[in-house]
1. Could you identify the single residue in S334, S356, S349 that is touching a Leu at 6+ places or on another chain (Cβ under 7 Å) and either closer than 24 Å to I393 by Cβ or at pLDDT below 95 (or both)?
2. All but one of (1) within 17 Å of A337 (Cα to Cα); (2) modelled with pLDDT of 95 or more; (3) of a type in the set (A, V, I, L, M, F, W, C) hold for W111, so report the exception by its number.
3. With the requirement that a residue be closer than 20 Å to G158 by Cα and open to solvent by less than 20 Å² (accessible area, probe 1.4 Å), what does region 223-247 give you?
4. Of the residues in region 27-42, how many are within 22 Å of the chain's Cα centre (by Cα) and open to solvent by 70 Å² or more (accessible area, probe 1.4 Å)?
5. Going by what's in this entry, would D148 be described as touching a helix residue (DSSP H, G or I) at 6+ places or on another chain (Cβ under 7 Å) and among the acidic types (D, E)?
6. Name every residue in region 288-324 that is surrounded by 15 or more Cβ atoms within 10 Å (Cβ to Cβ) and among the hydroxyl-bearing types (S, T, Y), in order of residue number.
7. State whether the residues of region 337-346 include one that is on the phi > 0 side of the Ramachandran plot, in contact with an Asp or Glu (Cβ under 9 Å, 6 or more places away or on another chain) and at pLDDT below 95.
8. Anything in region 168-202 that is open to solvent by 20 Å² or more (accessible area, probe 1.4 Å), hydrophobic (A, V, I, L, M, F, W, C) and farther than 26 Å from R245 by Cα? List them, or say none.
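The values are calculated or read from the model by the stated rules, or taken from the named source; none is laboratory data. Fair warning: this is a prediction, and the values are worked out from it, not measured in the lab. With ideal geometry, Cβ positions are generated from the backbone for all residues, glycine too; neighbour counts draw on all protein chains shown. The accessibility values were calculated without ligands, DNA or RNA, using every heavy atom of the protein model including side chains. Shrake-Rupley method; radii C 1.70, N 1.55, O 1.52, S 1.80 Å.
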Amino acid sequence: MAEFTFELNDDQKQVRDWLHGFAADVIRPAAAEWDEREETPWPVIQEAAKVGVYSLDFYAQQYFDPTGLSIPMVMEELFWGDAGIALSIVGTGLAAVGVLANGTEEQIGTWIPQMYGDADDVKVAAFCSSEPDAGSDVAAMRTRAVYDEAKDEWVLNGTKTWATNGGIANVHVVVAVVDPEAGSKGHASFIVPPATPGLSQGQKFKKHGIRASHTAEVVLEDVRVPGHCLLGGKEKLDERLARAREARAGADGSGTSGGERVKNAAMATFEASRPAVGAMAVGTARAAYEVALDYAKTRSQFGRPIIDNQGIAFQLVDMRTRIDAARLLVWRASWMAATGKPFTAAEGSMSKLYASETAKEVTARAVQILGGNGFTREYPVERMHRDSAIYTIFEGTSEIQRLVIARTLSGMPIR
């Protein structure tokens with residue numbers, strides 16, 4: 001087991017410096033333009049593909065790092081460059097992880113390469129889980145998948161929302177209900193191949209922040225996919241559904257059914273992914289802090305730099321302290337997930353909660369330090385402040401994180 005350390009190894013430092021250079025030289029110069037255009041930054045993604053930042057091989061190498069620190073390091077550097085463009089670059093990874101977590105070796109080898117394409121023909125993928133009435137409440141999911149045994153096809157109907165790359169993706173990974181009685185155990189994931197009839201893009205959202213990342217509804221109307229597009233295969237699904245039915249039948253006297261225990265096990269999976277979002281928030285916070293620090297050193301009022309005033313200097317101290325604390329929480333949770341240490345205190349949710357709230361706080365203070373300039377689009381902190389709002393919302397709101405942590409610490413079904 002890799003020991004926890006605050007020091008990156010030489011390979012990690014090399015990757016970090018390479019990514020920092022890409023973020024500084026390619027992402028940042030394009031950030032304001034694509035934020036204003038509110039369009040997917042295809043030229044930047046293609047450039048990322050050419051140098052190897054946007055590729056399956058690169059993310060696989062980082063994902064299998066035994067220390068667990070490579071993924072948060074990658075996220076921090078890319079999102080230091082710009083949150084919207086960075087999300088366009090890493091968004092395909094959400095779908096890829098869905099296939100890696102649930103698919104067979106054949107499915108992984110077939111579909112993940114199609115999600116990325118290559119440097120000459122870049123593709124993106126979309127992971128479709130949330131619905132208009134099922135965000136934090138996954139039990140309210142309504143999208144249905146019905147098996148047509150005669151044709152060995154699954155028929156999908158429903159509407160997904162908040163899908164990164166939704167509708168423009170080459171490959172969509174869709175979570176649907178196959179057995180409404182089985183709770184979250186009755187959910188399954190499906191590959192929807194390119195150009196499948198019945199899948200269309202619904203509303204494209206005009207967002208407050210991360211505007212260079214495409215977010216839209218995905219509408220599924222009698223979408224038929226071959227049986228082999230069920231991730232994990234039907235035999236595995238049938239076994240899982242049978243266990244869920246047995247668990248429901250054997251609910252114990254505590255009032256906690258097997259189905260509810262399944263839901264808690266699923267929550268543990270989300271818990272392990274949340275530090276990556278925390279790392280994104282750390283990158284945005286760090287970027288805003290650095291702009292504010294440089295500005296405070298060079299902006300003069302009353303004959304001296306404004307950083308000479310305690311009111312400004314102490315704010316910067318608090319900003320930096322929170323950023324470092326957030327990073328350490330993210331790194332601890334990432335290391336725990338990679339080394340198989342259990343999250344006995346919801347450490348994954350802790351890291352995401354603190355880092356996302358830190359990003360909102362730090363970017364707001366950066367705007368304040370820059371004063372009127374910080375309120376204009378001439379300076380990047382205005383955009384960073386808008387972008388930071390998403391971290392307390394997606395991958396579980398701050399309220400949901402607190403609920404998860406409270407339940408874990410107390411052992412009580414707090415609502």
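1. The unique qualifying residue is S334.
2. (1) is the only condition that W111 fails.
3. Correct list: V223, V225, G227, C229, L230, L231.
4. The qualifying residues number 3.
5. No.
6. Y289, Y295 - these are the residues of region 288-324 that are surrounded by 15 or more Cβ atoms within 10 Å (Cβ to Cβ) and among the hydroxyl-bearing types (S, T, Y).
7. Yes, the conditions are met somewhere in region 337-346.
8. Matches in region 168-202: I168, A195, L199.
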